[in-house]
Amino acid sequence: MIKINLDLRNACSTSGIGNFKRNLAIHIARFSDIELRGCYNYTRHLNKKNYDWFEGKLNQSFVLDKLVYNNKNFHLPIYYENMFSSNANFNLFLTYSLPSVKFKNPVISTIHDLIVLKTRCESKQFIKAHERDLNFTVRNSSLILTVSESSKTDICNYFNLSKEKVKIVHNGIEIQQFSREYSQEEIFNIQKKYNLPSKFILSFGGYRKHKNIERLLLAYSQLPYSIRKELKLVITNQNSDLIQFAKKCDIRKDVTFTPFIDEKDKVILYKMSLMVYYASLYEGFGVPIIEAQACHIPVITSNISSMPEAAGNSAIFVNPYEIKEIEEAIITLFHDQLLRERLIHNGYSNALKYTWEKSAKELHDILHNEWINTN
């Protein structure tokens with residue numbers, strides 16, 4: 001039996017890493033040779049009831065509530081030591097955030113990407129702190145997980161690691177969640193809720209600079225008027241700078257900037273769109289690519305980083321720095337119905353490769369092999 005202390009901090013959130021933690025925790029628990037002990041700390045409105053989905057044992061930090069709300073105490077070792085105090089074969093972190101604790105047993109951590117270090121889109125202070133945290137994680141981990149071959153190569157090169165120290169557990173999706181059908185009433189309610197146009201390009205993640213939304217806006221502004229009249233642009237997670245940029249491009253009336261999208265509404269947005277834009281400057285994987293493909297929606301994405309790996313041969317690839325290429329890809333996909341149908345068919349087949357069951361099997365095999373090597 002492989003005994004694992006599993007870090008469940010933030011596993012209840014709907015963020016990308018939260019989904020990764022939660023879904024892998026659910027599916028890895030189904031292996032008969034795995035014994036999980038979920039570890040989490042107290043945060044406001046979060047208790048054991050929030051972890052009803054978790055099938056293993058749970059251990060909460062014993063630190064007094066009043067101490068928790070003092071930010072200076074978040075990184076004190078006492079805050080975490082009780083969480084990971086039991087004897088286990090491994091302490092497993094499905095994120096790079098590693099507490100400053102002297103672990104008795106090997107640590108396996110996860111670095112999803114090097115977005116902050118490779119794109120340099122954040123402040124110098126943030127980049128420096130992020131690099132410091134990643135270096136701490138690398139030094140204190142016996143094994144590092146990541147989500148794509150592209151990320152593995154980048155991590156090995158950046159931190160001068162052997163390929164044997166970095167293993168891959170791909171991102172996954174729940175295919176049934178994205179492939180289900182919705183009634184016209186449900187679609188109408190979402191359209192009304194977010195004030196959506198009838199035909200549009202969809203782009204998620206407007207608040208992150210590496211998502212390359214400014215070049216999308218420039219490319220869209222150069223489309224023929226006949227296309228812009230019919231095909232609008234929807235960008236989620238509205239950003240005041242991007243709104244001003246759209247005004248400068250004289251396309252503000254053609255662009256809908258939505259507030260944060262509720263997780264339960266996301267699938268309908270995908271299904272309402274004509275195409276999805278995801279030509280980022282850098283990604284660790286590119287989950288929205290396979291989410292769109294699972295929804296039978298064609299994708300425009302980047303020909304660099306991990307995105308060709310995630311999309312397979314089932315997307316239109318562009319140089320994300322070339323505005324003209326983005327514009328031409330939109331025009332091609334708008335006019336060519338046969339191409340859209342081919343990408344939809346191939347894209348769905350590609351999305352089927354990335355399920356949480358398969359990701360959990362990858363993780364299980366890594367844990368099993370590591371357990372054999374350390375015993």
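No lab work stands behind these numbers, since they all come straight from the coordinates. Computed from a predicted structure; not experimentally measured. As a convention, Cβ positions derive from the backbone with ideal geometry for all residues, glycine included, and neighbour counts pool all protein chains shown.
Things worth noting here:
- With respect to the chain, whose longest principal axis is taken over its alpha-carbon atoms, helix 124-139 is tilted by about 50°.
- GNM flexibility winner over the chain from 285, 317, 159 (Cα, springs under 10 Å): 159
- Of 102/167; 118/248; 128/247; 3/165, those spanning more than 26 Å from alpha-carbon to alpha-carbon: 118/248; 128/247
- DSSP beta bridges fully contained in the chain are about 5 percent antiparallel.
- Pairwise Cα distances in region 163-244 exceed 18 Å for 62 percent of all pairs.
- Anchor residue 271: aspartates and glutamates whose Cα lies under 18 Å away (excluding residues fewer than 8 positions away in-chain): 174, 181, 185, 186, 230, 262, 263, 291, 341
- For residue 173, nonlocal amide neighbours, meaning residues 5 or more places apart or on other chains whose placed amide H falls under 5 Å from its own, are 355, 356.
- Highest mobility in the GNM of the chain, judged by mean-square fluctuation with C-alpha springs under 10 Å and restricted to 189, 89, 19, is found for 189.
- Here the Gaussian network model covers the chain, with springs between Cα atoms less than 10 Å apart; of 232, 167, 253, 253 fluctuates the most.
- Reference-scaled alpha-carbon Rg (2.2 N^0.38 Å with N residues) for the chain: 1.04
- Whole-Hz Karplus values for region 240-248 come out as 4, 5, 5, 4, 5, 5, 4, 5, 5 Hz, taken residue by residue from phi with 6.51 cos²θ - 1.76 cosθ + 1.60 and θ = phi - 60°; glycine and proline positions read x.
- Note on region 173-350: percent of Cα-Cα distances in each 5 Å bin, starting at 0 and stopping at the bin with the largest distance, equals 1, 9, 18, 23, 23, 16, 8, 2, 0.
- Gyration tensor verdict on region 74-208 (Cα atoms; rounded if a/c is under 1.5, prolate if a/b is larger than b/c, oblate otherwise): prolate
- Helix 149-159 vs. the chain, principal-axis angle (Cα, 0 to 90°, nearest 10): 60 degrees
- The aspartates and glutamates whose alpha-carbon is closer than 15 Å to the alpha-carbon of residue 324, local same-chain residues fewer than 8 away aside, are 214.
- Cβ crowding within 10 Å ranks 272, 1 as 1, 272, fewest other Cβ atoms first.
- Rounded to 10°, Cα long-axis angle of helix 323-335 versus longest principal axis of the chain: 70 degrees
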